[in-house]
């Protein structure tokens, strides 16, 4: 088993290695918690993005993930077809629609959030919330640095 020398790089690597483990476990739990709501994981991700960040174009959502616009567009189209999102003409771009949540999409996000918070409260148990605050801050800082590297490479 690989075990790097002690130091800050080791701690960062350990955190990075835990992210995909947590992602896949959270995805599995989300499939159970949200199975009856009729939206996929990708749809939930875009609903969440529009709920938290507000209206956006497909390219803007793609940059925030970061994935291709082509991978985002079918998900947006599905959310529009289900009545959870709407795309309107964008005054700043002729071809790129501006997407936002419909009232049904907002209600869906509220329900997603209620279920998510109930699951988190159950999971949290006696785990110290301050540890999660510190982890969230560290991941936020790491993501900002990663975003800088991605932007510089483009």
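The values are calculated or read from the model by the stated rules, or taken from the named source; none is laboratory data. Not measured: the values here are computed from a predicted model. Neighbour counts run over all protein chains shown; Cβ positions are idealised from the backbone, glycine included.
Numerical summary
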| item | result |
| --- | --- |
| Residue within the range 62-78 that is farther than 20 Å from residue 144 by Cα and in contact with a strand residue (DSSP E or B) (Cβ under 7 Å, 6 or more places away or on another chain) present | yes |
| Residues located in the range 38-47, provided they are surrounded by 15 or more Cβ atoms within 10 Å (Cβ to Cβ) and part of a helix (DSSP H, G or I) | 42, 43, 44, 45, 46, 47 |
| Tabulated pairs, the range 95-120, first on the phi > 0 side of the Ramachandran plot and in a helix (DSSP H, G or I), second at pLDDT below 95 and surrounded by fewer than 17 Cβ atoms within 10 Å (Cβ to Cβ), C-beta under 6 angstrom, 6+ apart or interchain | none |
| Number of the exception - residue 18 against (1) closer than 29 Å to residue 106 by Cβ; (2) assigned to a helix (DSSP H, G or I) | (1) |
| Single residue of 48, 25 found to be within 26 Å of residue 144 (Cβ to Cβ), modelled with pLDDT of 90 or more and within 17 Å of the chain's Cα centre (by Cα) | 48 |
| The range 56-71 residues that are on the phi < 0 side of the Ramachandran plot and free of Cβ contacts under 8 Å to residues at least 12 places away in the same chain, paired with ones that are exposed (fewer than 13 other Cβ atoms within 10 Å of the Cβ) and outside any helix (DSSP H, G or I) (beta carbon under 7 Å, 6 or more apart) | 62/68 |
| When residues of the range 65-94 are limited to those that are modelled with pLDDT of 95 or more and assigned to a strand (DSSP E or B), the one surrounded by the fewest Cβ atoms within 10 Å (Cβ to Cβ) | 86 |
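A quick yes/no check of all residues on (1) surrounded by 11 or more Cβ atoms within 10 Å (Cβ to Cβ); (2) in a helix (DSSP H, G or I); (3) without any contact (Cβ under 8 Å) to a residue 24 or more places away in the chain:
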| position | (1), (2), (3) |
| --- | --- |
| 5 | no, no, yes |
| 9 | no, yes, yes |
| 13 | yes, yes, yes |
| 24 | no, yes, yes |
| 36 | no, yes, yes |
| 49 | yes, yes, yes |
| 52 | no, yes, yes |
